[in-house]
Structure formats: C-alpha cells, structure tokens
Amino acid sequence: MKKIAVLTSGGDAPGMNPAIRAIVRRGIFQGMEIFGVRLGFEGLVRGDYFSMDLGSVGDIIHRGGTMLRSARCPQFREEESQQEALRQLRAAGIEGLIVIGGDGSFQGAAQLTKRGFPTIGIPGTIDNDIRGTEYTIGFDTAVNTVVEAIDKIRDTASSHERTYVIEVMGRDAGDIALWSGLCVGAESILIPEAPYDVEDVIARIDHGNRRGKRHSIIVVAEGVCSGMEIAKSLEARAGLETRVTVLGHLQRGGSPTAYDRMIASKMGAQAVDLLLEGEKEGMIGIQSGKLVHVSFDPTNKRQGLDLSVYHLARSLSI
Ligand code: F6P
C-alpha cells in the first residue's frame with residue numbers, strides 16, 4: 001500500500017492533531033504518500049484532499065482542535081455518498097483510509113470496509129464512549145479542563161457558601177462527570193449509568209453542612225438532565241441557594257495533555273502499520289492498558305465507565 005488518506009470527523013477532540021502528525025510522519029517513514037481530507041466525510045465525498053509532507057504537521061502536536069477540520073455528516077449514511085467517496089478515492093489512487101472520530105464516524109468507516117475499502121479507525125472524542133476501547137483520545141484533556149474550571153468555581157462557592165451545579169458534556173456517557181467529580185471532591189455526581197434521587201443529593205449536602213461544610217459541588221452529566229433542572233429541584237425541595245454553570249464547548253478545546261499526545265501518537269502509528277500489514281477494517285483500542293486492534297462490530301461492549309469509581313467517589317465525599 002503506497003497511498004493512504006486521513007480524516008477527522010464528528011466533534012473535535014484534543015489529541016486529534018498529534019494523531020494526524022503521527023499518521024503523516026509514520027506513513028512517510030514507511031515510504032508512503034499521505035493525503036489529508038478536509039472536513040471529514042464531507043470532504044471525502046467531494047474529493048477534497050491534499051498531499052501532506054513532514055512539514056505540514058510541524059508545530060501541531062500541542063494544538064487542540066484538528067488541522068484537517070471536522071464535520072458531522074449525516075448524508076454519509078446514504079449509499080450514494082459512500083459510492084461517490086469510493087469513486088473519488090480510487091480515482092486519486094488512494095488505497096486505504098484512517099478515520100479519527102467517534103461512534104458515528106466509525107459507522108461511516110464500517111460502510112467503506114463493507115464495500116471493500118481498507119479503513120482503520122482511531123477513537124477520538126472527549127466522551128470516552130466508544131465500544132471496544134477503554135480510552136478515547138481527548139478524554140484526559142477534557143477531564144483536566146473540567147477539573148481546572150471547577151476548582152475555580154469552588155473558590156466562589158466557598159466564599160459565598162453556595163451550592164453549585166456544574167453541567168458537563170459526555171452525550172449519553174457519564175465518564176467526564178465521574179472522573180472530574182471524583183477529582184474535585186464533588187458532593188454528588190449524577191451520571192446516566194447510575195440511578196439518582198434528588199432527596200439523596202439533598203441529604204448529602206445536609207450531612208456536609210452539619211459537619212461544617214460551607215459549599216457543595218454537584219456535577220451533572222448532560223446525559224442525565226440539564227444542570228438547571230437539578231438546581232430547580234434543589235431550590236424547590238430544600239430551599240438551597242444554587243448557581244448553575246454549563247461548561248459547554250470549553251471542554252472540547254485546549255492543548256492536549258501529555259497522556260493524550262502519547263496515546264494519539266501510538267494509535268496514529270499503529271493505524272498506519274495495520275494498513276501496511278494488509279488489515280482491512282477495525283479500530284485501534286485500548287484494553288487492559290494495551291493497544292489492541294478490534295473490529296467495528298457494533299455488538300462490542302462499552303468499556304469506558306468503571307462503576308467502582310462511582311462507588312469510590314460516593315464513599316469519599318461524605
Ligand atoms: O461528542 C462530543 C460532544 O462534545 C458531546 O459531549 C456533546 O454532547 C456534543 O459533542 C455536542 O455537539 P455539538 O458540538 O455538535 O454541539
């Protein structure tokens with residue numbers, strides 16, 4: 001295999017740039033020509049590629065976002081778009097593709113492999129919610145961003161003796177909420193993977209107040225409900241003075257942490273090597289801390305969230 005392409009798709013995640021860098025540099029090291037696809041599957045359908053050299057990925061290892069730009073592309077679910085993308089790829093002499101993205105992006109990638117085009121996925125999303133891997137690039141950076149933000153909010157929470165409800169991203173997954181909640185010592189962490197009860201949240205706040213605590217932090221995953229909803233219940237049922245912060249898209253940006261750069265570099269290089277070895281489908285994942293090659297099989301299990309961390313957090317915030 002001599003010519004391969006790389007694209008980033010779905011929500012951007014810190015670490016996508018180091019992954020692109022690793023793909024380009026490893027590919028060139030292996031004697032290949034690498035093409036960058038602009039704007040994810042949209043660019044794939046339009047044939048919007050450019051040849052990448054060593055210098056084209058210089059000075060990006062520390063940058064958030066993606067130099068290739070990204071898009072969500074619902075139109076790629078249609079066979080017509082998939083066939084057009086394949087026609088463009090073959091016309092350009094490109095023999096393999098690496099897709100950096102989340103679940104939706106891998107559904108697109110799986111369609112290409114089904115039609116015989118070698119495609120390897122690299123899990124890149126802050127949500128940490130991709131089946132078949134316990135880690136996705138961007139998660140560590142996002143958690144660190146959330147922790148830093150909540151540490152600041154905590155200063156105000158304690159100065160004003162308030163309860164703060166912080167809503168974090170994660171789509172249907174509670175990983176960001178769980179990790180950041182434990183790391184800031186939140187009184188309650190509400191995640192979609194565990195049932196919650198507002199009375200329990202109130203009881204935990206009361207318990208803290210009785211032993212002299214002057215503020216409380218409640219972290220809510222967006223997959224549970226909005227932070228505003230929780231705040232309204234706390235005010236209505238317990239008369240608590242509450243403030244809500246929705247951290248929003250600031251969780252997606254920023255310079256990738258060392259951990260994300262490391263995993264992105266390893267996964268990027270591995271994806272190139274797999275294509276060279278003749279692998280035709282599947283993604284790189286991490287299982288039991290090791291890099292693995294797993295198929296795009298939609299029946300793969302989610303491995304990210306570890307409920308024992310939830311119980312640990314509850315036992316430490318008493
Ligand atoms: O998948 C990443 C993510 O940031 C989710 O956590 C969030 O629900 C969603 O994307 C937001 O998407 P958009 O940027 O399209 O609003």
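The values are calculated or read from the model by the stated rules, or taken from the named source; none is laboratory data. The structure displayed is predicted, hence computed values, not measured ones. When we count neighbours, we look across all protein chains shown, and the Cβ atoms used for this are built from the backbone with ideal geometry, even at glycine. Heads up: the accessible areas ignore ligands, DNA and RNA and are worked out on the full protein's heavy atoms, side chains in. Shrake-Rupley method; radii C 1.70, N 1.55, O 1.52, S 1.80 Å.
The set of residues in region 2-18 that are farther than 13 Å from PHE35 by Cα and away from the ligand (no atom under 16 Å from the Cβ) comprises ASN17, PRO18. Restrict the check to region 184-203 and report whether at least one residue is open to solvent by 40 Å² or more (accessible area, probe 1.4 Å), in contact with an Asp or Glu (Cβ under 8 Å, 6 or more places away or on another chain) and free of Cβ contacts under 8 Å to residues at least 12 places away in the same chain. For region 184-203, residues open to solvent by 40 Å² or more (accessible area, probe 1.4 Å), in contact with an Asp or Glu (Cβ under 8 Å, 6 or more places away or on another chain) and free of Cβ contacts under 8 Å to residues at least 12 places away in the same chain: absent. Among residues of region 50-86 being open to solvent by 40 Å² or more (accessible area, probe 1.4 Å) and in contact with a Gly (Cβ under 7 Å, 6 or more places away or on another chain), the one that is farthest from GLY15 (Cα to Cα) is PHE50. Of all residues in region 51-78, those satisfying the criterion of being on the phi > 0 side of the Ramachandran plot and either out of contact with any Asp or Glu (no Cβ under 7 Å at 6 or more places or on another chain) or more than 16 Å from the ligand (Cβ to nearest atom) (or both) are ASP59, ARG69.
Among the residues of region 107-120, are any within 16 Å of the ligand (Cβ to nearest atom), farther than 19 Å from ILE20 by Cβ, open to solvent by 60 Å² or more (accessible area, probe 1.4 Å) and not acidic (Asp, Glu)? Yes: one or more hits.
Any chance region 236-246 includes a residue that's surrounded by fewer than 20 Cβ atoms within 10 Å (Cβ to Cβ) and within 19 Å of the chain's Cα centre (by Cα)? Yes, region 236-246 contains a residue that is surrounded by fewer than 20 Cβ atoms within 10 Å (Cβ to Cβ) and within 19 Å of the chain's Cα centre (by Cα).
Say whether the condition of being free of Cβ contacts under 8 Å to residues at least 40 places away in the same chain and aromatic (Phe, Trp, Tyr) is met by at least one residue in region 83-106. No.
Every test in (1) in contact (Cβ under 8 Å) with a residue 40 or more places away in the chain; (2) not aliphatic (A, V, I, L, M); (3) not in a loop (DSSP other than H, G, I, E, B) is passed by GLY254 save one, and that test is (3).
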